[in-house]
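Written below as structure tokens is the structure these notes are about.
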Amino acid sequence: MSSFQIAPRTVAETEQWFRHRGVPTLVTSRRAFKEIWSSARWWLVAIISLEIFVAFNDRFEGWEQFGVFIGAIVSTLIVTGLFNLLRGRRPFEAPEVLAWPELSFFVLFPTALAAAVSANPLVGAIITFVTHVAILLSVWLLTSVGVGWIIRWAFRTAVQHVSDVAKLLAKSVPLLLLLTVFMFINAEAWQVANGMIPAARPFIAATVVLTAGAFLWFAADDLLDDATSAKQWDEVVARCSTSPLANIEAPEGVELQSASLSKVAKVNLRLLLVVSVAVQASLVAGLLGVVYLVLGVVLVSQPVLQNWLGDQLTQANLIADLEWIGPDLVLYDVHFVVAGAVALLAGLNIIVSSLTDDSYRATFAADLIEEIQEDLAVHRALSSLT
């Protein structure tokens, strides 16, 4: 293939290749960047369709409420149909491409509908306007950096590399068991877990998860530094061997484009690292949590729990009586709480170790670093030859 004759089909295949690898921000065409909104169009259509139910509120009752609801449906159909006709589409055709008129309609029409039917028109309109602007900002932030593609890539990669996760589990579990088993068989840990307010449990879990995510986010630079960019055409061509640009040759007289990336692309790569390590750590921590749940049922039986918790142990917290498996075997909600706490701490330990310990880093991130190097090489080749 000539270096100056990359077929449009090959360019499109390369752009799709970027998306499937979780790096849509490396796509070079401006057309693809405009697809940020279009890729989320069905979510926006679903949201604006649900706006009809804003007609149900304290302002109307009985048949009047029903009439207002029907009026909201009819108004939505008429206004949407007219808007589509003005935009050159069929009356109820979902737009393929979202531009400023569609985005403005997504914000302004629900705002007008809320003002018409809300008990307090001004407050309803303001809340609806701010909510829809926030939705658009969230969609832009999440889609522009490829969060959806990253998550799909991370789980697909984890499934494809089950054997690697098994090796990781075998490497991690012995040390994790050593670090956590003393907490698990500690009466005070079970007393604290049982006495914890149920509403506080998800808050504490979210705090640990956010702490781990923040650590990953700020420490990801160390991993990105390992993903060196190719400096010569021969190296770029070699790294393109698994991509749609596998057949290119090192061109003569063509300058290799700069390796600098946009801020959005850098955020994309950082998220790729964070999600990848987080998914692997979550799989290992989840399996460890299951192990501890089983151990808790077997080792922390009814007499042990009664001895540790005393009057705090109530039948209201009993989930299942497992005497059909063995005598005095029970499953209380505290079993899940303690096993979950151990899993969370184990996951946090894995994440910290994956970024601070060289052997863990090689286990968790070696393949990912190699993939990022390939992505950067293909990006430079595509930018230089199109």
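The values are calculated or read from the model by the stated rules, or taken from the named source; none is laboratory data. Note that the coordinates shown come from a computational prediction; the quantities given were computed from them, not determined experimentally. Every residue, glycine among them, receives a Cβ derived from its backbone with ideal geometry; neighbour counts consider all protein chains shown. Side chains are part of the model used for accessible areas, which takes the heavy atoms of the whole protein and leaves out ligands, DNA and RNA. Shrake-Rupley method; radii C 1.70, N 1.55, O 1.52, S 1.80 Å.
With every protein chain left in place, what is the accessible area per residue of the chain in square angstrom, probe 1.4 Å? List each step's numbers first, then the result.
Numbers: 20780 Å² over 386 residues.
Per residue, the chain has 54 Å² of solvent-accessible surface.
Mind giving me the FRET efficiency for L137 and A366? R0 is 45 Å, r the Cβ-Cβ distance, nearest 0.05 is fine.
Details: r = 36 Å, r/R0 = 0.80.
Efficiency computed from Cβ-Cβ geometry: 0.80.
How much length is gained if the chain between I197 and T356 is pulled fully straight, taking 0.36 nm per residue apart and subtracting their Cα-Cα distance, in nm to one decimal?
On the way: separation 159, 0.36 × 159 = 57.24 nm, distance 3.45 nm.
Result for the pair: 53.8 nm of gain on full extension.
Could you check how much of the accessible area of the chain is carbon and sulfur, as a whole percent, using a 1.4 Å probe?
Details: 13770 of 20780 Å².
Result for the chain: 66 percent of the exposed heavy-atom area is carbon or sulfur.
Can you work out the FRET efficiency for the pair V123 and W217, with r the C-beta to C-beta distance and R0 = 41 Å, to the nearest 0.05?
Numbers: r = 37 Å, r/R0 = 0.89.
Efficiency, from the Cβ-Cβ distance: 0.65.
Quick check: residue separation of V294 and T314 times 0.36 nm, minus the Cα distance between them. What number comes out in nm?
Additional length available on full extension: 5.1 nm.
Leaving ligands and nucleic acids out of the surface, order W100, W42, W153 by accessible area at 1.4 Å, largest first.
Listed by decreasing accessible area, they come as W100, W42, W153.
Quick one: length gained pulling A112 to A46 fully straight, 0.36 nm per residue minus the C-alpha distance?
Details: separation 66, 0.36 × 66 = 23.76 nm, distance 1.79 nm.
Here the answer is 22.0 nm.
Using a basic spin-label model with each label point 7 Å from the Cα along Cα→Cβ, how many nm lie between Q65 and S104?
3.6 nm
Are there any helices in the chain, counted as whole DSSP H runs, that stretch 30 Å or more along their axis by Cα and score at least 1.0 on average by Kyte-Doolittle, and if so which? Could you put the intermediate results ahead of the total?
Details: long enough: 62-86 (36 Å, 1.45); 121-144 (34 Å, 1.91); 200-226 (39 Å, 0.97); 263-299 (52 Å, 1.95); 333-356 (35 Å, 1.75); 358-385 (38 Å, -0.03).
Span-like helices in the chain: 62-86, 121-144, 263-299, 333-356.
Using a 1.4 Å probe and ignoring any ligands, DNA or RNA, find the accessible area of W37 and quote it in Å² to the nearest 10.
Taking all protein chains as shown, W37 has close to 50 Å².
What does the accessible area of E323 come to, in Å² to the nearest 10, when a probe of 1.4 Å is used?
My reading of the accessible area for E323 is about 120 Å².
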